[in-house]
1. Counting only residues 5 or more places away or on other chains, whose amide H sits under 5 Å from the amide H of residue 66 once H atoms are built in the peptide plane?
2. Between residue 75 and residue 122, 0.36 nm times their residue separation minus their Cα-Cα distance comes to what?
3. Please check the chain for the longest run free of trypsin sites (Lys or Arg not before Pro) that are loop-located per DSSP (anything but H, G, I, E, B) and have at most 15 other Cβ atoms within 10 Å.
4. Which length gain, in nm to one decimal place, applies between residue 107 and residue 18 when the Cα-Cα distance is subtracted from 0.36 nm times their residue separation?
5. Given 87/125; 90/125; 87/115; 41/88; 8/88; 8/87, which pairs have Cα atoms separated by over 26 Å?
6. If R₀ is 30 angstrom, what is the calculated FRET efficiency for the pair residue 50 and residue 91, using the beta carbon separation as r and rounding to 0.05?
Amino acid sequence: MDIAKVSKASGLPASTLRFYEEKGLIHSNGRNGLRRLFNPKVIERLALISLGRSAGFSLDEIGEMFSPEGPNINRALLLTKADELDKKIKDLTSMRDGLRHAAACAAPKHFECPKFLRLLRVAGKNRYRQPNKLRENELKREVD
């Protein structure tokens, strides 16, 4: 398949395909003029890359999943990523619930609503989630 057909079949622009090839995630079999040629199985590999990106894997992590024999997926890494997604789902669910409450809250102003203020504190804590001592000290002062 030439790069245009792969692009159409995968929904990815040719520039992304070239980038993935540069990163070693996919490989072309040669060229037809200036166009790269790929094995049709590249579509399956691109689907796995897409799934990995959707789950939050980096391209480097995805690259480690490929071996010459085919995908070799680290199960421990899958469990770690699943745990990260569980945390994200919990955080997003809390955020959604807080926004729904803020939209329906009977308080005259949002800054008079205790639940909305808790939502702001959570958002502020998430902003400061960095392994930086200065940030940790700032966060401790804000919480105290």
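1. 72
2. Stretched out fully, the residue 75 to residue 122 stretch lengthens by 13.8 nm.
3. It runs 42-108.
4. 26.6 nm
5. 41/88; 8/88; 8/87
6. Working from the Cβ atoms, E equals 0.80.
Every number here is computed from the coordinates shown, using simple stated rules; none is lab data. Quick caveat, the model's predicted, so the values are computed rather than measured. Ideal geometry is used to build each Cβ from the backbone, glycine not excepted, and the neighbour counts take in all protein chains shown.
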